[in-house]
Amino acid sequence: MCQAVLTVGSLLEELARREAVPRQRIEEVREQIAALESQLEDEHDRLSRLVITRETVEEILGEAAELIQEPVTAGSAGGDVDAVGGVPVGPPVLGVVTVPPLRPGMRAAMLPRAYRDAVEIMVDAGRAMRAGQIPIPSLPEGGGLLKGV
């Protein structure tokens with residue numbers, strides 16, 4: 001009889017030990033879920049900020065596009081080609097400043113204003129310049145130096 005009580009006691013201890021393992025795993029999974037929920041909330045916040053930023057930029061660029069009244073074409077009627085090689089130029093795509101590929105007969109007047117300013121500064125300098133040395137007055141907030149070019 002003593003042997004049967006001892007076996008039942010050790011059996012119950014073994015069951016308790018085996019229960020402890022899944023309980024510990026459950027607690028670890030709950031901690032992982034809490035961490036993932038926190039990460040998910042952070043990513044939702046980041047996405048929300050980016051969406052608001054994109055909408056604001058689209059709004060600003062939309063207002064800027066409304067200010068453009070006429071297409072950019074080259075100088076005089078002396079045979080100059082407009083910015084896209086003779087095809088009338090429409091309003092630009094919002095947020096896109098395109099520089100036409102180099103073609104024979106192209107002039108600096110076909111470039112966007114900031115590019116024209118940079119070309120003029122380089123011509124006036126009369127020497128080789130690095131991009132970071134070129135002040136561009138037509139850039140927003142009073143100009144600056146070209147960087148990352």
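The values are calculated or read from the model by the stated rules, or taken from the named source; none is laboratory data. Only a predicted model underlies this, so the values are computations on that prediction, with no experimental measurement involved. Glycine also receives a Cβ, built like all others from the backbone with ideal geometry; neighbour counts cover every protein chain displayed.
At a glance:
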{"quantity": "Selection within the stretch 23-60 - under 17 Å from the mean Cα position of the chain (by Cα) and basic (Lys, Arg)", "calculated": "Arg46, Arg49, Arg54"}
{"quantity": "Cβ pairs under 8 Å, 6+ apart, first in the stretch 15-31 and modelled with pLDDT of 95 or more, second charged (D, E, K, R)", "calculated": "none"}
{"quantity": "Pairs with Cβ under 7 Å, 6+ apart, first in the stretch 100-120 and closer than 22 Å to Pro135 by Cβ, second surrounded by 15 or more Cβ atoms within 10 Å (Cβ to Cβ) and of a type in the set (Lys, Arg)", "calculated": "Ala108/Arg116; Ala109/Arg116"}
{"quantity": "Within the stretch 106-149, tally of residues that are part of a loop (DSSP other than H, G, I, E, B), of a type in the set (Lys, Arg) and modelled with pLDDT of 80 or more", "calculated": "2"}
